[in-house]
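Read the structure below first, then the notes.
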Amino acid sequence: MRIFLTGATGFIGSAIIPELINAGHTVLALSRSEAGARSLTAAGAAVHRGDLGDLDSLRSGAAKSDGVIHCGFIHDFLRFKENCETDRRAIEAIGAVLAGSPRPLIVTSGTGMGTAAPGQPATEDHFDIHHPNPRAASEVAAAAVSARGVDVRVMRLPQVHDPVKQGLVTYLVAVAREKGVSAYVGDGRGRWPAVHRLACAQLYRLALEQGTAGARYHAVAEEGVPAREIAEALGRGLKVPVVSKSPEQAAEHFGWLAMFAGLDMPASSALTQQRLGWRPTGPGLISDLDRMQY
């Protein structure tokens, strides 16, 4: 198939490109810059110029494709709610082109959307449209275009990692470097799910090839890595002390990251593995943090 890919120059998208090409697909990749276009061409993708805010570029890219993987997102967390609304509009624009056709659309969300009760692992079949996290807008938009006849599948991501980047943990590294201590909140038992970047890319391909309309998939290899273990790995790498911060101290220490730092958000991928035959491989999060060049 010819797949229109947003977020193609990003951390995950750049791994999806070879995963698709090696499986015999061709990739039409969104790029907002000339430098990005050059890197995409070098990776074997055709280039489609535009960005997530240019809805016409998204519509025309989708119109030229046999399916769409939308993994682009603006990772400016100081404008998180605004960026979630940008994502909602992007999904609606792409969905309008695909409505009434069998062409699949994979929308990206977060595993936290599947949490039904505190301390319980998030599951694929749960979603609360009233979830307080603004990222719920992506799945609300997915449901809306699904109701208009689009074959939508949702990919929920945990902390996606390799030895270079590790999702929100990358921002924890920056805070620890700036503050001179690696911190966790409370007793550090809050858990963050994780998956290696290449295993994540493989799951996007499987969801494209074998997924079903309306399904949600969890790209989770590790159900929950305790925050204290993450902080200890950063402490080893940066050679700084590891300390606990109270919930009251978290906002001052972590800044915008405080909204995530103290969360316990484990997630399961049992149904995903059962339905798609996915068996995540690759190093774990702590292993990648220990291999990271600080």
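Might you report the magnitude of the Cβ-based charge dipole of the chain about its Cα centre, with Lys and Arg at +1 and Asp and Glu at -1, to the nearest 20 debye?
440 debye
Over what distance in Å are the Cα centres of segment 218-294 and segment 1-20 separated?
24 Å
Under a GNM of the chain (C-alpha, springs under 10 Å), which listed residue has the highest mean-square fluctuation: Ser65, Ser109, Ser269?
Between Ser65, Ser109, Ser269, it is Ser65 that shows the largest mean-square fluctuation.
If the cut-off is 29 Å between C-alpha atoms, which lysines fall inside it for Lys245, apart from same-chain ones fewer than 8 positions away?
By straight Cα distance, Lys245 reaches Lys81, Lys165, Lys179.
From the backbone phi of segment 240-248, what are the Karplus-calculated ³J(HN,Hα) couplings (6.51 cos²θ - 1.76 cosθ + 1.60, θ = phi - 60°) in whole Hz, Gly and Pro given as x?
My calculation for segment 240-248 gives 10, x, 10, 9, 9, 10, 6, x, 6 Hz in order.
Just to be sure I understand: of the beta bridges DSSP finds with both ends in segment 111-245, what percent are antiparallel, rounded to 5?
Restricted to segment 111-245, the bridges split so that about 30 percent are antiparallel.
Output the 0 to 90 degree angle, nearest 10, between the alpha-carbon long axis of helix 227-238 and the longest principal axis computed from the alpha carbons of the chain.
Between the helix axis and the principal axis of the chain, the angle is about 80 degrees.
Pull out a ≥ b ≥ c, the square roots of the eigenvalues of the alpha-carbon gyration tensor of the chain, then state rounded if a/c is under 1.5, prolate if not and a/b is larger than b/c, and oblate in the remaining case.
prolate
Of Gly180, Ala194, Ala136, which is farthest on the positive side of the dipole of segment 77-216, counting Cα position, with +1 on Lys and Arg Cβ, -1 on Asp and Glu Cβ, and the Cα centre as origin?
Of the listed residues, the answer is Gly180.
Once ligands and nucleic acids are excluded and a 1.4 Å probe is used, how much of His48 is accessible, expressed in Å² to the nearest 10?
Accessible area of His48: about 20 Å².
So how strong a dipole does segment 124-229 carry about its Cα centre when Lys and Arg Cβ are +1 and Asp and Glu Cβ are -1, to the nearest 20 debye?
The calculated dipole for segment 124-229 is roughly 300 debye.
Would you mind getting the accessible area per residue of the chain, heavy atoms of the protein chains only, 1.4 Å probe, in Å²?
43 Å²
What list of ³J(HN,Hα) values in whole Hz, one per residue of segment 29-45 in order, does the Karplus curve 6.51 cos²θ - 1.76 cosθ + 1.60 (θ = phi - 60°) give from phi, with Gly and Pro shown as x?
Along segment 29-45, the couplings run 10, 6, 9, 9, 9, 5, 4, x, 4, 5, 5, 5, 4, 4, 7, x, 9 Hz.
Using amide H atoms built in the peptide plane, which far-off residues or other-chain residues are under 5 Å from Gly50 H to H?
Ser31, Arg32
Rounded to the nearest 500 deg cm²/dmol, what is the calculated helix-only ellipticity per residue at 222 nm for the chain, with -39500 (n - 2.57) per DSSP H run of length n ≥ 4?
-12500 deg cm²/dmol
Report, in debye and to the nearest 20, how large the dipole of segment 161-294 comes out about its Cα centre when Lys and Arg carry +1 and Asp and Glu carry -1 on their Cβ.
260 debye
Heavy atoms only, probe 1.4 Å: what % of the accessible area of the chain goes to carbon and sulfur, would you let me know?
52 percent
How much accessible surface does Arg205 have with a 1.4 Å probe, in Å² rounded to 10?
40 Å²
Rounded to the nearest 5, what % of the DSSP beta bridges within the chain are antiparallel ones?
10 percent
Can you list residues whose amide H is under 5 Å from Val242's amide H, if they're 5+ apart or on another chain and H is modeled 1.01 Å from N?
It is Ser182, by chain and number.
Kirkwood Rh and Cα-based Rg: tell me the resulting Rg over Rh for segment 186-260, rounded to two decimals.
Looking at segment 186-260, the ratio lands at 1.12.
Once you keep just the Cα pairs under 8 angstrom separated by 6 or more residues, what percentage relative contact order results for segment 26-153?
22 percent.
Cα convex hull of segment 137-230: mean projected area in nm², to one decimal?
Spelled out: convex hull of the Cα atoms, projected over all directions, averaged, 7.5 nm².
Any chance you could list the semi-axes, whole Å, largest first, of the equivalent ellipsoid that the Cα gyration tensor gives for segment 1-144, using √(5λ)?
Output for segment 1-144: semi-axes of 26, 16, 16 Å.
Roughly how many Å² of Lys64 are accessible to a 1.4 Å probe, to the nearest 10?
Per-residue accessible area (Lys64): approximately 110 Å².
With angles folded into 0 to 90 degrees, how steeply does helix 197-210 sit against the dominant principal axis of the chain? Use alpha carbons for both and round to 10.
The answer is roughly 30 degrees.
For Arg216, which sequence-distant residues (separation of 5 or more, or a different chain) have an amide H within less than 5 Å of its own amide H, given hydrogens modelled in the peptide plane?
Amide H neighbours of Arg216: Val154.
The values are calculated or read from the model by the stated rules, or taken from the named source; none is laboratory data. Since this is a predicted model, take the numbers as computed values, not measurements. Ideal geometry is used to build each Cβ from the backbone, glycine not excepted, and the neighbour counts take in all protein chains shown. Side chains are part of the model used for accessible areas, which takes the heavy atoms of the whole protein and leaves out ligands, DNA and RNA. Shrake-Rupley method; radii C 1.70, N 1.55, O 1.52, S 1.80 Å.
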